[in-house]
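The values are calculated or read from the model by the stated rules, or taken from the named source; none is laboratory data. For clarity, every value in this text was computed on a predicted model and none was experimentally measured. As a convention, Cβ positions derive from the backbone with ideal geometry for all residues, glycine included, and neighbour counts pool all protein chains shown.
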Amino acid sequence: MKTITPEESRRLISEGGSQTHEQRMNVAQDRLRELVTFAKERSPYFKKAYGGIKENYRLADLPITTKSGLMENYEEWVTDPEIKLSELRNYLSDIKNIAELYLNRYTAITTSGTTGEPMPMVRDSYRNTIHGSLIETRLFRGLNPKDINPAVVKTASVITASGFVSSYSSALRMKHRLGEFSDNFEIFSLLTPIDELVERLNAHDPKLLTGYPSVLTVLAKEKLRGALKIEPRVIASSAEALSVKMFENLRQAFNCPVLNNYCSTEGGEIAMSCPYGHLHINEDWVLIEPVDDDGRPVKQGEWSSAVLMTDLTNYVQPIIRYHVNDCVRIIEQPCECGSNLPIIEISGRMGDALCFNEKIVAFLVLYCFLTEVCALLKWQLIQTAANTLEVRFTEADGADRTSVGAEVAEALKTSLKKYGCGDVDIVISDEDFIKAKGGKVPYVIQGSRT
Ligand SMILES: [Zn+2]
């Protein structure tokens, strides 16, 4: 097992921050070669996949990996033969295990499942130390350490409060570690009806507020209209795209530093915001290749339809040229903050929201409402009037469309009412999805645009 001390990882990270792009790429190339050699030796999956790779390969010569391909070969993919998928699933199914390490040496979490079946990810201390130091060194730079320490300041985390989803399990671990200070740290489910959430946040009065951008944006509106009275010293958002506009809205509403971390359960800490709201890629540790529909690289500055990510720190479960559907673009422009790490922009569906009865419902909340309908495959919500929502959807193979539709209508009606939106009429439609430019299907549309 590869190991590193926190001091050494911090040293490497600050060294990387002061290098040129070329120097960093050389370091990243060395790290890639070491990871690929290890993966070839220890992972039967990569041994086979890299069988035809020549000695002087470049990143682009390595085959692309996908979630479904890796899931099908899970136990051949991981580099520790003691990791067994069924045992890992058992471990992950019991939230009491959150304080225990899997196989006494790994933390384990699962992807949120926004795209297909959740994938368990196992992480060793090498990977966790480096990603932890990236957060500390690059995301938290310039801040008063007290303001981000939940042992000192009251903290609120508004997240998906279920299972071993990355943000929830990190939050639970944090709460557990705080011991006698654990009351400082409150976890709020993002499904809490908005008025109740505001009330509970006011009562807790956090100085550090963390959550997903879509939900934080809703809270910013509550702050601006005076209902939310908290005065956080730092806001930290992660897991979804936070546009510069959303960033500015948060800054304006709360008048404090806003941190943003573009991360994924598979790829880790990909990019981090600077005080100017730009996301700088941690290109010395995570490689990002923006690609088109056919997996070919897009030109610099152009929007991609997907991203291939490589986490140079994950030796247990190598993520190498892993395909995710994020639309991004890398822009070459100097940043006012002084960092020369490249800037990435992310075009997310996550900023989408609907509004009923003056209650804003963030995309992620809508998404959570619908996860309980198991046979629902793909969906689109179109707000056609002030209190009318049309649903277009596809169902799983073999499912009865009429009953899936009825389940969707019931789930939305009940959840929206509970959330504080009043009575919303749900119209189940058999029409095809409305497509945006480029053929993408937006999850949420305000107003009929057939
Ligand atoms: Zn910057």
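Points to keep in mind about this one:
- In the set (1) within 15 Å of the ligand (Cβ to nearest atom); (2) crowded, with 19+ Cβ neighbours inside 10 Å; (3) assigned to a loop (DSSP other than H, G, I, E, B); (4) of a type outside the set (A, V, I, L, M, F, W, C), the condition left unmet by SER304 is number (1).
- Any hit, segment 216-233, residues being more than 16 Å from the ligand (Cβ to nearest atom) and among the hydroxyl-bearing types (Ser, Thr, Tyr): yes
- Just so you know, in segment 248-259 the residues that are within 14 Å of the ligand (Cβ to nearest atom) and not β-branched (Val, Ile, Thr) include one that is nearest to THR65 (Cα to Cα), and it is LEU259.
The rows are residues; the columns are (1) in a loop (DSSP other than H, G, I, E, B); (2) of a type in the set (D, E, K, R); (3) within 27 Å of ARG296 (Cβ to Cβ).
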residue: LEU12; (1), (2), (3): no, no, no
residue: ASN26; (1), (2), (3): no, no, yes
residue: LEU35; (1), (2), (3): no, no, yes
residue: GLU82; (1), (2), (3): yes, yes, no
residue: LEU88; (1), (2), (3): no, no, no
residue: ASN97; (1), (2), (3): no, no, no
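- Picking from residues in segment 260-270 that are over 21 Å from ILE64 (Cα atoms) and surrounded by 24 or more Cβ atoms within 10 Å (Cβ to Cβ), the one that is nearest to the ligand (Cβ to nearest atom) is ASN260.
- Applying the criterion of being over 15 Å from GLU302 (Cβ atoms) and away from the ligand (no atom under 16 Å from the Cβ) to the residues of segment 329-355, the residue that is modelled with the lowest pLDDT is MET350.
- Applying a threshold of 8 Å to beta carbon distances and a minimum spacing of six or more residues, or different chains, the list of pairs starting in segment 327-349 at a residue that is in the same structural domain as MET25 (by TED's automatic domain parsing) and ending at one that is within 9 Å of the ligand (Cβ to nearest atom) and of a type in the set (Phe, Trp, Tyr) reads CYS335/TYR276; GLU336/TYR276; CYS337/TYR276.
- Note on segment 233-259: residues that are in contact (Cβ under 8 Å) with a residue 60 or more places away in the chain and either of a type in the set (Gly, Ala, Ser) or closer than 18 Å to GLU199 by Cα (or both) amount to 5.
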